[in-house]
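Written below as structure tokens is the structure these notes are about.
The values are calculated or read from the model by the stated rules, or taken from the named source; none is laboratory data. All values reported here derive from a predicted model rather than from experimental measurement. In this analysis, Cβ positions are derived from the backbone assuming ideal geometry, glycine residues included, and neighbour counts consider all displayed protein chains. These area figures cover heavy atoms from the full protein model, side chains too; ligands, DNA and RNA do not enter into them. Shrake-Rupley method; radii C 1.70, N 1.55, O 1.52, S 1.80 Å.
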Amino acid sequence: MVGVRSLSRAIVSLSSCISIRAAAYTPIASRALTRRTNLPPRSRPLCMLALPPHLEEMKEELASDAAQLFDVREPQETAAGRLKDAKVVPLSELQNGFTPTFDKTKLTYLHCAAGIRVHYAAPILEAMGFERVVPLQEGYGALKSLGFESS
């Protein structure tokens, strides 16, 4: 059974999270909301923070077509949303012997929902001849909240 103290801590934590999100916006005379960027880094929403260096590099490599991004989530998951630059290559299909017909010499980034399935997909793709495979620890939700476009 959840104790009263732990429940009240959870509520305080949740309410501070909500107020942090709300503090990122300030009303102006026209009732529209404008983004405040003078917030301290810890209170900014994820989408306002600078990307970690490895994701900044990935974004540049994808934009210059030097790399490719594979989404190894299952089709029912990708139907709910996927990153714009990602090619859908489900882990279950890889495990059943499906070989993607994409460029095997390009740097290949992998993402899933939570950063776990990519570690199963990476060795399979390497065995299929993909030369440089990088599993990302960030999942779809984290990448989306960091500003990667979804479709």
Item to complete: Can you bin segment 54-146 into rounded, prolate or oblate? Criterion: square roots of the alpha carbon gyration tensor eigenvalues sorted a ≥ b ≥ c, rounded for a/c under 1.5, prolate for a/b above b/c, oblate for the rest.
Response: oblate
Item to complete: With a probe of 1.4 Å, find how much accessible area segment 42-130 has per residue, and write the answer as a whole number in Å².
Response: 52 Å²
Discussion item. Just want to confirm a number: the relative contact order over segment 54-146, from Cα pairs under 8 angstrom separated by 6+ residues, in percent.
Written reply: 28 percent
Worksheet item: What ³J(HN,Hα) values, in whole Hz, does the Karplus curve 6.51 cos²θ - 1.76 cosθ + 1.60 give for segment 109-123 when θ = phi - 60°, with x put for Gly and Pro?
Response: 8, 10, 9, 9, 7, 9, x, 9, 4, 4, 6, 7, 6, 4, x
Practice prompt. Can you spot the aspartates and glutamates whose alpha carbon is less than 14 Å from LYS87's alpha carbon? Ignore those fewer than 8 places along the same chain.
Written response: ASP65, ASP71, GLU74, GLU77, ASP103, GLU149
Item to complete: Order the peptides 53-61, 106-114 from the highest to the lowest mean number of other Cβ atoms within 10 Å of their residues.
Response: 106-114, 53-61
